[in-house]
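Each reported figure results from applying straightforward, stated rules to the coordinates on display, with no laboratory input. Fair warning: this is a prediction, and the values are worked out from it, not measured in the lab. Note that each Cβ is placed from the backbone with ideal geometry, even for glycine, and that neighbours are counted across all protein chains shown.
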């Protein structure tokens, strides 16, 4: 079991009327500063879908929980949070997602809960099977001289990387209606 997993932070924040420009400028500063911290993998900002709504969703990704904690406990972030208080309606909603749930973050759905575990397992299993079948077709002659255990380890890292950055974001969007049915 991994003790310091990759992590996604989901922030839903409602901006006070007339403060959107100031909030956008602050948000740009926050993201630019967060990007200088070790382990930062990126951020996505989802702006209000309706005029006057004021609800923003910001998704930060870090490679390890430990790196996220350093950012969260930094003095500069605390200063940003103080500035944000005067621009926002309330403290907002914060959630930290680790493990398989990070593969199932649907960017267009603010504050959405991960799908049921059986659906995550089924989609992940299908994706891993597909990647493994593809890898079997590729000429991996460069792996032949390596010990079996090292060869398997390399293939696991290739599969995990493809899952995290290529396959799962696309599969999650493709299967969104099944993974996240409307109630």
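Does the range 117-179 come out rounded, prolate or oblate by the C-alpha gyration tensor, with a ≥ b ≥ c the root eigenvalues, rounded set by a/c under 1.5 and, if not, prolate when a/b is larger than b/c and oblate if not? Write down the numbers at each step before the final one.
Working: a/c = 2.97, a/b = 2.50, b/c = 1.18.
Prolate is the answer for the range 117-179, as a/c is 1.5 or above and a/b outweighs b/c.
Kindly put 71, 178 in sequence by how many other C-beta atoms sit within 10 Å of each C-beta, fewest to most.
178, 71
With everything on Cα atoms, drop me the angle between helix 75-85 and the longest principal axis of the chain, reported from 0 to 90° to the nearest 10.
It is inclined by approximately 50 degrees.
By how many degrees, between 0 and 90 and to the nearest 10, does the Cα long axis of helix 117-137 differ from the longest principal axis of the chain?
Approximately 50 degrees, to the nearest 10.
Just want the ordering: 66, 10, 148, from fewest to most Cβ atoms lying within 10 Å of their own Cβ.
Values: 66 14, 10 17, 148 8.
With the sparsest Cβ surroundings first, the list reads 148, 66, 10.
Working from Cα positions, state the angle (0 to 90°, nearest 10) between the long axis of helix 20-34 and the longest principal axis of the chain.
With rounding to tens, the tilt is 40 degrees.
With a/c under 1.5 counting as rounded, go ahead and sort the chain into rounded, prolate or oblate using the C-alpha gyration tensor (a ≥ b ≥ c being the square roots of the eigenvalues; past the cut-off, prolate if a/b is larger than b/c, else oblate).
Here the chain falls in the prolate category.
Rounded, prolate or oblate: which fits the range 48-92, taking a ≥ b ≥ c as square roots of the Cα gyration tensor eigenvalues, rounded meaning a/c under 1.5, else prolate when a/b beats b/c?
On the way: a/c = 3.96, a/b = 1.59, b/c = 2.50.
Here the range 48-92 falls in the oblate category.
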